[in-house]
Amino acid sequence: MPMVVGVVAGVAVAAIAVLIGLFKLMWRVAEPNEALIISGSNHKTEGLEAGMGFRIVTGRGTLVLPGVQAVRKLSLDLNETELHVDCVTHQGIPLKVRGVVIFKVGDDFVSIANAGRRFLDQQKLMSERVHNVFAGHLRSIVGGLTVEDMIRDREKLTGQTRAACGTEMEKLGLIVDSLQIHEIEDPTGYIQNLAMPHAAAVQRDARIAQAEANRLATEAEQKSYARMAEATRDSEILQAGYQAERDKAGAKARQAGPLADAAARQEVVVQETRIAELEAHRREQQLQADVRKPADAKAYEKRTLAEAERDAQISGAEAKAKETELAAAAEATRVKTAAMAEAEATKARGTAMAASTRATGEAEAASAQAKGLAEAEAARAKGLAEAEAIKARAAALAENQEAVVAQQLAENWPEIVRAGASAFGNADNMVILNGADGMADMFAKALTMGGTGLGLARQLLASMNQNGQPVNGSSLNGVASPPSQKVPVQE
Amino acid sequence: MDDASMVGLMGRVTGTIGPGLVGEVIVRVRGGAEHFLAYPASGTDRIERGTVVMVVEYLPPRTVYVQAAYDS
């Protein structure tokens with residue numbers, strides 16, 4: 001059983017494989033760059049009129065009966081043909097033209113059918129055929145052109161190519177993509193000569209341009225050199241300046257050492273000098289301290305002692321003199337004061353007694369007169385007598401007043417004298433040249449001042465007495481009254 | 001591919017078309033662009049390169065008659 005199953009399975013697999021193989025044989029696919037031309041069957045023709053007898057397939061697969069139908073491939077690829085043609089141009093100039101024609105089978109079925117009929121077995125020879133066709137056509141094309149056109153006018157060349165070959169190639173079912181002229185050999189040198197004037201002009205222009213450029217370049221170069229020279233000059237000037245500065249600085253630096261040495265030496269000398277000065281000063285100070293100061297001290301001591309002694313002596317002598325002087329003065333003052341007081345007292349007493357006596361006498365006289373009058377005139381003169389009595393009493397009172405004044409002067413005499421002597425109270429030192437006599441004179445003068453005050457007092461009293469008694473004559477004459485004559489008494 | 005499909009297509013002149021000249025147009029066809037020999041549809045026109053043209057007649061295999069697509 002399994003055997004049968006295995007056989008069946010194997011047969012089935014074989015059948016499938018056979019079917020696949022048959023399909024592979026029958027199914028043909030046209031690639032993009034080829035057309036399948038299928039002939040041998042009667043079935044419908046595609047894309048072409050009936051009666052053609054074959055069909056064309058492009059770009060897809062199709063079923064083919066092996067052994068019944070023939071399948072041929074026509075390549076639609078690009079082909080090219082080299083051309084080497086001897087031609088004569090429109091101007092009759094012989095040229096050898098090398099070019100290339102690029103062509104292919106047209107993509108439409110008409111073109112494919114035409115090409116298939118013509119080239120299906122000769123696809124390798126297609127280039128040769130085309131070369132032969134084009135060789136003749138190129139001659140006619142070049143013959144319709146001038147050399148200048150060929151060189152310059154591609155449009156005209158292609159136009160001529162189309163005009164000459166277009167329909168021709170249509171018959172073959174081909175398309176000319178491009179006709180290129182690679183090279184034109186010119187045995188007569190026509191092209192060269194053609195180019196010559198232009199070349200000469202170009203050469204001329206080139207030389208002119210070159211010369212101009214050279215001139216400009218030279219100018220620029222010379223300007224540049226001038227600038228460089230200027231820059232070099234400036235640089236050298238600067239360098240020289242800097243060099244000078246460097247030299248100056250170097251010289252200064254070289255001199256710096258000796259200068260510093262000298263300065264240092266100078267400093268040393270200064271310091272040594274200073275030291276010497278200090279030492280001298282110190283020695284001087286020491287000498288001062290050691291020698292002079294003691295000597296000075298000694299001298300000062302001696303001087304001071306001498307001065308003190310002298311001063312002491314002087315002071316002693318002065319004290320003694322002053323003592324003597326003061327003693328003498330005090331003695332003289334005392335004696336004089338005593339004498340004066342005695343004299344004044346005596347005089348005052350005398351004066352008082354005289355005045356009293358006179359007053360008494362006058363009073364008695366007045367009394368006697370009054371008595372006489374009273375007796376003589378009795379009661380009639382009674383009032384008068386009384387008045388006279390009053391007047392007499394007043395006069396007596398005045399006389400008593402003078403006595404009181406005199407008494408007071410006598411009592412105050414010492415103060416008066418002291419006031420006179422007080423003129424001398426402020427004198428610390430008085431040198432009396434005449435000794436005791438001089439002293440007496442001085443005091444006499446001082447007391448005279450007091451005496452003058454006394455005189456004035458007396459004069460005043462006298463004038464009062466004259467007013468009290470009728471002494472009209474003296475007052476009329478204006479002569480000083482007799483009591484003023486008593487003033488010299490006091491001398 | 002039938003003849004009628006070419007008629008009415010637009011194309012561009014790549015070689016001057018005119019009386020006495022064999023012109024060329026390039027037309028989009030069959031998924032690519034192919035060039036065809038071109039002649040003016042009305043005998044005396046001259047159509048310069050770059051002009052957009054319309055195919056008015058197709059003569060297999062590679063010839064078309066064209067006229068300018070836009071009035072200039």
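State yes or no: is residue A:174 within 14 Å of another protein chain (Cβ to nearest Cβ), touching a strand residue (DSSP E or B) at 6+ places or on another chain (Cβ under 9 Å) and more than 20 Å from residue A:84 (Cα to Cα)?
On the way: within 14 Å of another protein chain (Cβ to nearest Cβ): yes; touching a strand residue (DSSP E or B) at 6+ places or on another chain (Cβ under 9 Å): yes; more than 20 Å from residue A:84 (Cα to Cα): yes.
In short, yes.
Please enumerate the residues belonging to region B:49-72 that are outside any loop (DSSP other than H, G, I, E, B) and touching a Ser or Thr at 6+ places or on another chain (Cβ under 7 Å). Explain how you work it out, then say what you get.
In the first step, residues of region B:49-72 are kept if they are outside any loop (DSSP other than H, G, I, E, B); the result is B:52-59, B:63-68.
Answer for region B:49-72, where residues must be outside any loop (DSSP other than H, G, I, E, B) and touching a Ser or Thr at 6+ places or on another chain (Cβ under 7 Å): B:67, B:68.
Condition first: without any contact (Cβ under 8 Å) to a residue 24 or more places away in the chain and out of contact with any strand residue (DSSP E or B) (no Cβ under 9 Å at 6 or more places or on another chain). Now tell me which residues in region A:55-102 satisfy that.
Correct list: A:67, A:92.
Just to be sure I understand, how many residues within region A:60-81 are within 21 Å of residue A:103 (Cβ to Cβ), open to solvent by 60 Å² or more (accessible area, probe 1.4 Å) and in a loop (DSSP other than H, G, I, E, B)?
So the first thing to find is which residues in region A:60-81 are within 21 Å of residue A:103 (Cβ to Cβ), and the list is A:72-81.
Checking which are open to solvent by 60 Å² or more (accessible area, probe 1.4 Å) leaves us with A:72-73, A:77-78, A:80.
Those left that are additionally in a loop (DSSP other than H, G, I, E, B): A:77-78.
Selection size over region A:60-81: 2.
I need a count of the residues in region B:1-48 that are more than 11 Å from chain A (Cβ to nearest Cβ), touching a Lys or Arg at 6+ places or on another chain (Cβ under 8 Å) and either of a type outside the set (A, V, I, L, M) or assigned to a loop (DSSP other than H, G, I, E, B) (or both).
Total meeting the criteria: 4.
Picking from A:191, A:237, which residue would you name as being hydrophobic (A, V, I, L, M, F, W, C), in contact (Cβ under 8 Å) with a residue 40 or more places away in the chain and farther than 30 Å from residue B:62 by Cβ?
On the way: A:237 fails: in contact (Cβ under 8 Å) with a residue 40 or more places away in the chain.
Exactly one of A:191, A:237 is hydrophobic (A, V, I, L, M, F, W, C), in contact (Cβ under 8 Å) with a residue 40 or more places away in the chain and farther than 30 Å from residue B:62 by Cβ, namely A:191.
Within region A:82-113, can you find the residues that are in contact with a helix residue (DSSP H, G or I) (Cβ under 8 Å, 6 or more places away or on another chain), open to solvent by 30 Å² or more (accessible area, probe 1.4 Å) and either within 14 Å of another protein chain (Cβ to nearest Cβ) or among the β-branched types (Val, Ile, Thr) (or both)?
A:88
Across region A:124-166, which residue is farthest from residue B:62 (Cα to Cα) among those that are within 12 Å of chain B (Cβ to nearest Cβ) and open to solvent by 40 Å² or more (accessible area, probe 1.4 Å)?
A:154
Six or more apart or on different chains, Cβ under 7 Å: which pairs go from a residue in region B:58-72 that's facing another protein chain (nearest Cβ under 9 Å) to one that's of a type in the set (Gly, Ala, Ser)? Could you list them?
Here the result reads B:61/A:106; B:61/A:111; B:61/A:173; B:62/A:106; B:62/A:111, each pair linking region B:58-72 to a residue that is of a type in the set (Gly, Ala, Ser).
Filter region B:15-72 down to the residues that are more than 24 Å from residue A:105 (Cα to Cα) and among the charged types (D, E, K, R) and list them by number.
Scanning region B:15-72 gives B:45, B:46, B:48, B:49, B:71.
The values are calculated or read from the model by the stated rules, or taken from the named source; none is laboratory data. None of the values given here were measured: they were computed from a predicted structure. Here Cβ is always computed from backbone atoms with ideal geometry, including for glycine, and neighbour counts include all displayed protein chains. Heads up: the accessible areas ignore ligands, DNA and RNA and are worked out on the full protein's heavy atoms, side chains in. Shrake-Rupley method; radii C 1.70, N 1.55, O 1.52, S 1.80 Å.
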